[in-house]
Amino acid sequence: MRQRAARDQQRLDSGAVTSPKDLESLQREIASLAKRQGDLEDVVLEVMERRESAQERVTELSDRVSAVQAKTDDATARRDAATKELDAEAASVTKERELVAGSVPADLLKLYDKLRVQQGGVGAARLYQRRCEGCRLELNITEVNDVKAASPDTVLRCENCRRILVRTAESGL
């Protein structure tokens with residue numbers, strides 16, 4: 001458009017166009033081209049402003065993505081460390097269980113394993129202040145008397161949840 005306007009202006013200035021009608025038409029065309037050029041420049045400026053705004057938004061969002069990624073990486077590292085700790089603890093507890101299981105009579109261990117499967121992973125519960133820690137119910141007076149009368153090596157079971165009761169000094173007997 002600029003080239004066309006410059007060419008038309010050159011024709012107008014050179015005096016090659018002598019007809020008043022053609023001169024007037026040429027001047028109108030130059031004015032029209034100038035107006036169109038101004039409109040297009042306004043559009044270009046608006047597009048540039050929008051592009052700059054979009055670029056700022058991209059930068060902002062990229063920074064946020066980087067921050068979220070850093071948090072994700074940190075959480076993943078902490079999760080992995082916790083998993084390693086849990087795996088090490090599980091291995092240690094498994095070794096301890098094997099040692100203890102070796103000293104427990106086979107029939108008692110079989111009963112415990114059966115109850116553990118039935119009771120969602122807990123086959124024995126501590127008797128604490130006359131309350132079974134498995135089902136959280138207090139033993140009635142008859143059950144308490146039966147527990148008191150039983151010998152220390154007798155395997156006792158809770159009447160409510162059927163878990164093996166483990167007697168301690170805090171059993172409340």
State, to one decimal in nm, how far the label point of Q37 lies from the label point of I141, with both points 7 Å from Cα in the Cβ direction. 11.2 nm
Just tell me which lysines come within less than 23 Å, Cα to Cα, of K21; anything on the same chain fewer than 8 places away is out. K35
Enumerate the amide H contacts of Y128 below 5 Å, restricted to partners 5 or more residues apart or on another chain; note that Pro and chain-start residues carry no placed amide H. E133
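Determine, from the Cβ-Cβ distance of A67 and E46 and an R0 of 35 Å, the FRET efficiency 1/(1 + (r/R0)^6), rounded to the nearest 0.05.
0.65
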Mind checking which of G15, V65, V122 is farthest towards the positive end of the range 1-134's charge dipole, using Cβ charges of +1 (Lys, Arg) and -1 (Asp, Glu) about the Cα centre? V122
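Any chance you could run the full-extension gain for S53 through E29? It's 0.36 nm times the residue separation minus the Cα-Cα distance, nm to one decimal.
Between S53 and E29, full extension yields 5.1 nm more.
Taking 0.36 nm per intervening residue step and subtracting the Cα-Cα distance, what contour gain separates R97 from S19 on full extension?
Working: separation 78, 0.36 × 78 = 28.08 nm, distance 11.25 nm.
Between R97 and S19, full extension yields an extra 16.8 nm.
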Per-residue ³J(HN,Hα) for the range 88-95, Karplus 6.51 cos²θ - 1.76 cosθ + 1.60, θ = phi - 60°, Hz, x for Gly and Pro: 5, 5, 4, 5, 5, 5, 5, 5
Specify, per residue and in Å³, the volume enclosed by the convex hull of the alpha carbon atoms belonging to the range 2-71. 67 Å³
Rank-order 56-69, 106-119 by packing density, defined as the average count of other C-beta atoms within 10 Å over each peptide's residues, highest first. 106-119, 56-69
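For D113 and R2, calculate 0.36 nm times their separation in residues minus their Cα-Cα distance, and state this gained length in nm to one decimal.
Here the segment from D113 to R2 would lengthen by 30.8 nm.
The numbers here are math on the coordinates, done by the rules we state, and not lab data. Everything numeric here is computed off the predicted structure, so don't read it as measured data. So basically every Cβ, Gly included, is an ideal-geometry build from the backbone, and we count neighbours across all protein chains shown.
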